[in-house]
Amino acid sequence: MDRCLAGDLLKGKFPEAVEKIEYFRGDTAITIRREFLREVLCFLKDKESLNYEMLVDLTGVDFFPADPRFMLVYLLHSMKLNKRLLIKVWIGEGDTAESVSDIFRAAEWLEREVFDMFGIKFKHHPDLRRILLSDEFSGYPLRKDFPLEGHDFAKPFSVLLEEER
């Protein structure tokens, strides 16, 4: 098992926040409790020995019908260490995540994309609105229960189809 400096430091600083640390093929994924997200990300970014100063990506994963249903995955990069780190946070359907757009500027657009595709809302986001789909679009296409075929498949598109007529 590969050791991770970030994992060791997080367990020491936020023992109640860290739920699980996973190592796979040289990569580290740390699952933390949602209420510690901002503190943990600030620590990882500001800690001089780590410097995870770049948010490379943020996405959601739908584990329908599990509860909690969603996982937010933050991919961080430390140019100082030339390492990447995954931070995972479970979030239930209807729950709201804290925006980290003031910590990482890239999060502003990435959180909008997660909102648009999964319907996960972010508290204190400066401009939370759809980014890929029109405002009239109904539903969230990356949810596992989004219709792929059948009698209600055209429902999300019905408003757009009516506008073309």
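The values are calculated or read from the model by the stated rules, or taken from the named source; none is laboratory data. In this text, all values refer to a predicted model and were calculated from it rather than measured experimentally. Neighbour counts run over all protein chains shown; Cβ positions are idealised from the backbone, glycine included.
Some values worked out for this structure:
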| quantity | calculated |
| --- | --- |
| Number of the condition not met by LYS45 [criteria: (1) outside any helix (DSSP H, G or I); (2) touching a Phe, Trp or Tyr at 6+ places or on another chain (Cβ under 9 Å)] | (1) |
| Verdict on ASP102 being buried (at least 18 other Cβ atoms within 10 Å of the Cβ) and of a type in the set (Asp, Glu) | no |
| Any chance ILE91 is over 18 Å from LEU10 (Cα atoms), of a type outside the set (D, E, K, R), in contact with a strand residue (DSSP E or B) (Cβ under 9 Å, 6 or more places away or on another chain) and without any contact (Cβ under 8 Å) to a residue 60 or more places away in the chain | yes |
| In segment 113-137, the residues that are in a helix (DSSP H, G or I) and either surrounded by fewer than 20 Cβ atoms within 10 Å (Cβ to Cβ) or touching a Leu at 6+ places or on another chain (Cβ under 6 Å) (or both) | GLU113, PHE115, ASP116, MET117, PHE118 |
| Search result, residues across segment 10-28 that are closer than 16 Å to ARG84 by Cβ and surrounded by fewer than 18 Cβ atoms within 10 Å (Cβ to Cβ) | GLU22, TYR23, PHE24, ARG25, GLY26, ASP27 |
| Selection count where residues are under 17 Å from LEU72 (Cβ atoms), surrounded by fewer than 17 Cβ atoms within 10 Å (Cβ to Cβ) and either free of Cβ contacts under 8 Å to residues at least 24 places away in the same chain or touching a strand residue (DSSP E or B) at 6+ places or on another chain (Cβ under 6 Å) (or both), scope segment 35-51 | 2 |
| Search result, residues across segment 52-83 that are among the charged types (D, E, K, R), part of a strand (DSSP E or B) and surrounded by fewer than 17 Cβ atoms within 10 Å (Cβ to Cβ) | ASP57 |
| Test result for GLY150, at pLDDT 90 or above, loosely packed, with under 12 Cβ neighbours inside 10 Å and over 14 Å from the mean Cα position of the chain (by Cα) | no |
| Scope segment 85-97; condition farther than 16 Å from LYS20 by Cα and buried (at least 17 other Cβ atoms within 10 Å of the Cβ); matching residues | ALA97 |
| Candidate set from segment 23-34 (those that are modelled with pLDDT of 95 or more and not in a strand (DSSP E or B)); member that is farthest from ALA6 (Cα to Cα) | ARG34 |
| Residue within segment 48-64 that is modelled with pLDDT under 95 and either of a type in the set (Ser, Thr, Tyr) or within 17 Å of THR96 (Cβ to Cβ) (or both) present | yes |
